[in-house]
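Provided herewith is a single structure, encoded as structure tokens, for subsequent inquiry.
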Amino acid sequence: MWRRVGSLTKPFFALKETIIIALGTGNSLACLPASLSAMHEELGYDKEAVDLLIPLAFTMCRIGPTLYFATATLFVAQLYGISLDLEAMGIVVLGSILAGMATAGSSGIVLLSMLSIVLVPLDLPVDAVLILFISIDPLIGPFRVLIIAHTACAITTVILPKPDIETEIILVAK
């Protein structure tokens, strides 16, 4: 088993601009430049690897929308008093992952329309609850983007070797 060591607060302070942009705009693509510069300049990861992995993680690892679709589906099922068995929960998980990946580059109502990928196979109503989700989306959307941005940075730190800043300083000094 391996684990990372270091300051827990350093990544949050390094990614503060990404957090502000995510919560201010609600757009994951707007967070991309801030995330790239924070990972390279502030946290010291290799620029070429960061330039490859961060955009890829932003596109492929859509954890924010996936969690949103899963919890929204469970909310709708509970709202209509429908209990979900193990097979239905599998549909929720698989459908949420597929719908989350399908949302790459979309936001707002287009993103919410992907909820039908999860609700229709479970015979849950889409039209009735879509209005509810449209009304709360301006509040939830920025947090979905924040989860996407932080997950992309976290995945990058797991994949790349931890930068050894002290060794770099010694090599530059020699």
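Bear in mind that the values in this text are calculations on the coordinates, not laboratory data. Remember, predicted model here, so these are calculated numbers, not experimental data. Virtual Cβ from ideal backbone geometry, glycine too; neighbours counted across all protein chains shown.
Going highest first, how would you order 16-29, 150-163 by mean Cβ packing within 10 Å?
In descending order of packing, they fall as 16-29, 150-163.
Also: Could you check which residue among Tyr68, Tyr80, Tyr45 shows the biggest mean-square fluctuation in a GNM of the chain with a 10 Å Cα cutoff?
Greatest mean-square fluctuation among the candidates belongs to Tyr80.
Which of the three applies to segment 66-139, rounded, prolate or oblate, going by the alpha-carbon gyration tensor with a ≥ b ≥ c and a/c under 1.5 meaning rounded?
It comes out oblate by the Cα gyration axes.
Per the Kirkwood formula on distinct C-alpha pairs, the Rh of the chain is how many angstrom?
Computed over the chain, the radius equals 17.7 Å.
Let me ask you something else. Taking Cα pairs under 8 Å and at least six residues apart, what relative contact order does segment 66-139 come out at, in percent?
Contact order relative to length: 34 percent.
Give me the mean projected area, in nm² to one decimal, of the convex hull enclosing the Cα positions of segment 75-117.
Numbers: hull surface 12.9 nm².
Computed as one quarter of the Cα hull surface, the answer is 3.2 nm².
Right, here's the next one. Any idea what the relative contact order of the chain is, in percent, if you count C-alpha pairs under 8 Å spaced at least 6 apart?
Contact order relative to length: 33 percent.
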